[in-house]
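J.: Supplied in structure tokens, the structure appears directly below.
The values are calculated or read from the model by the stated rules, or taken from the named source; none is laboratory data. Quick caveat: nothing in here was measured; it's all calculated off a predicted structure. Because the Cβ atoms are built from the backbone with ideal geometry, glycine has one as well, and the counts that use them run over all protein chains shown. All accessible areas refer to the heavy atoms of the entire protein, side chains included, with ligands and DNA or RNA removed. Shrake-Rupley method; radii C 1.70, N 1.55, O 1.52, S 1.80 Å.
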Amino acid sequence: MTSPDLAALRPRLPSPVQEIADGRFGRHGIRLLLKRDDLIHPDLIGNKWRKLAPNLTAAAGRTVVTFGGAYSNHLRATAAAGRLLGLPTVGVVRGQELSDRPLNPSLARCAADGMRLHFVDRSTYRRKSEPETLAGVLRAVDAEDAYVVPEGGSNSLAVRGCRALGEELRARADVDVDADADADVHVDVVALACGTGGTLAGLAAGLGPDQRALGIPVLRGGFLAADTEGLQERAFGGRRGDWSLDDRFHFGGYARVPTELDAFAGDFERRHGVPVERLYVAKLLYGLVALADEGAFPRGSTVAAVITGRPFP
Ligand SMILES: Cc1ncc(COP(=O)(O)O)c(C=O)c1O
């Protein structure tokens, strides 16, 4: 078995950094940069590239089996990777009841990309990391020698892959600032939206000692499956970098996009011409505006918001 040629997919790395002129930050003396990870690759967008690329290499041509809910960005990215690299993929989807309904647009895209979908009941899904349950699922999809990527893609390889995100924002010389900003930027805070916390764990490890990562969990009650400290422990053997969390901006939970948030995101898109993914990125940007108003960032500081995704068409 051979490793797929990821370089052939021509990822745009380091991803560009764009300065945004927005009075909601400017009036507090804060400079806002967007780290455009959404531009890394048209199908493996944002943190999906950073997390999946090392796993696809490790899969070395084996079938990739992974897990997600019916609207999982991670499932879609894995399916797209399978199509682009010629790898068989299986998506284990939460919710047996979905199996006899028409596929939603997100799952339909997975299927169109060649992913085999296997629906499991919620109790099996919850126990999917227990060895016997996992073995049963792999038997059921006839892929017992598959390479398994956990829900959200946040295993140790993924966390190590996300360290490059921090490293790209670490030294001034590493910052690839586009025509809107000057190249001599020191980033004080790098903020991103968190699901499992895997991207935050890697990001924080890649930042410099005078930089801080700020995570905005989009789920009520914090993380989906893991915790940043535990993920770092497994990936790096200990805690790396400085981070904090502010979990006030989940809007009631994952996949909740109330009108106020949708309007905020639409307005941001019109003002700045940047597409705003609603489940994660909108909550991050909304939270940053609120934090700027609260005086959370000192005057003169530079905040980089990581644009980890793009709206699904
Ligand atoms: C667009 C987007 N942003 C952020 C995240 C959160 O990433 P993590 O699960 O590593 O916290 C996800 C989920 O994977 C996502 O799809």
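J.: Only residues in the range 124-150 that are open to solvent by less than 100 Å² (accessible area, probe 1.4 Å) count as the first member; pair them with residues that are among the basic types (Lys, Arg), Cβ under 7 angstrom, at least 6 apart or cross-chain, and list the lot.
T.: Pairs found: Tyr125/Arg94; Thr133/Arg127; Leu134/Lys128; Val137/Lys128; Val141/Arg116; Ala146/Arg62; Tyr147/Arg62.
J.: Between Leu87, Leu52, Leu39, which is assigned by TED's automatic domain parsing to the domain that holds Arg10 and aliphatic (A, V, I, L, M)?
T.: Details: Leu87 fails: assigned by TED's automatic domain parsing to the domain that holds Arg10; Leu52 fails: assigned by TED's automatic domain parsing to the domain that holds Arg10.
On inspection, the qualifying residue turns out to be Leu39.
J.: Filter the range 26-47 down to residues that are of a type in the set (Lys, Arg), over 16 Å from Pro14 (Cβ atoms) and touching a residue at least 60 places away in the same chain (Cβ under 8 Å), then give me how many there are. Spell out how you get there, then give the answer.
T.: We begin by selecting, within the range 26-47, every residue of a type in the set (Lys, Arg); these are 27, 31, 35-36.
Within this subset, residues satisfying the condition of being over 16 Å from Pro14 (Cβ atoms) are 27, 31.
Next, only the ones that are touching a residue at least 60 places away in the same chain (Cβ under 8 Å) stay: 31.
Of the residues in the range 26-47, 1 are of a type in the set (Lys, Arg), over 16 Å from Pro14 (Cβ atoms) and touching a residue at least 60 places away in the same chain (Cβ under 8 Å).
J.: Evaluate the range 166-183: report whether one residue or more is in a helix (DSSP H, G or I), within 16 Å of the ligand (Cβ to nearest atom) and modelled with pLDDT of 95 or more.
T.: The initial filter retains those residues of the range 166-183 that are in a helix (DSSP H, G or I), namely 166-168, 172-174.
Adding the requirement that they be within 16 Å of the ligand (Cβ to nearest atom) leaves 166.
Now restrict to residues that are modelled with pLDDT of 95 or more: 166.
Scanning the range 166-183, I find at least one residue that is in a helix (DSSP H, G or I), within 16 Å of the ligand (Cβ to nearest atom) and modelled with pLDDT of 95 or more, so the answer is yes.
J.: Can you work out which of the residues in the range 54-72 that are within 14 Å of the ligand (Cβ to nearest atom) and more than 15 Å from Cys110 (Cα to Cα) is least open to solvent (accessible area, probe 1.4 Å)?
T.: Asn55
J.: Looking only at the range 133-155, count how many residues are in a helix (DSSP H, G or I) and within 13 Å of the ligand (Cβ to nearest atom).
T.: The first filter runs over the range 133-155 and keeps only residues in a helix (DSSP H, G or I), leaving 133-140, 151-153.
Okay, now just the ones that are also within 13 Å of the ligand (Cβ to nearest atom), so 151-153.
Counting residues in the range 133-155 that are in a helix (DSSP H, G or I) and within 13 Å of the ligand (Cβ to nearest atom) gives 3.
J.: Exactly one of these conditions fails for Thr228: (1) within 12 Å of the ligand (Cβ to nearest atom); (2) surrounded by fewer than 21 Cβ atoms within 10 Å (Cβ to Cβ); (3) over 24 Å from Ile30 (Cα atoms). Give me its number.
T.: (2)
J.: Still on this structure, please answer the following. Is it true that some residue in the range 98-107 is open to solvent by 20 Å² or more (accessible area, probe 1.4 Å), closer than 28 Å to Ala201 by Cβ and either within 16 Å of the ligand (Cβ to nearest atom) or not assigned by TED's automatic domain parsing to the domain that holds Gly206 (or both)?
T.: As a first pass, look at the range 98-107 and keep what is open to solvent by 20 Å² or more (accessible area, probe 1.4 Å): 98-105.
From the residues that got through so far, the ones that are closer than 28 Å to Ala201 by Cβ too are none.
No, that holds for no residue.
J.: Now a separate question. If a residue has to be free of Cβ contacts under 8 Å to residues at least 60 places away in the same chain and open to solvent by 20 Å² or more (accessible area, probe 1.4 Å) to count, how many in the range 73-87 make the cut?
T.: Number of matching residues: 1.
J.: If you go through the range 247-262 one residue at a time, do you hit one that is in contact with a Ser or Thr (Cβ under 6 Å, 6 or more places away or on another chain) and either open to solvent by 30 Å² or more (accessible area, probe 1.4 Å) or in the same structural domain as Asp38 (by TED's automatic domain parsing) (or both)?
T.: Pass one, the range 247-262, residues in contact with a Ser or Thr (Cβ under 6 Å, 6 or more places away or on another chain): none.
No, the range 247-262 contains no residue that is in contact with a Ser or Thr (Cβ under 6 Å, 6 or more places away or on another chain) and either open to solvent by 30 Å² or more (accessible area, probe 1.4 Å) or in the same structural domain as Asp38 (by TED's automatic domain parsing) (or both).
J.: What are the residues in the range 279-308 that are open to solvent by less than 10 Å² (accessible area, probe 1.4 Å), β-branched (Val, Ile, Thr) and within 16 Å of the ligand (Cβ to nearest atom), if any?
T.: Correct list: Val281, Val306, Ile307.
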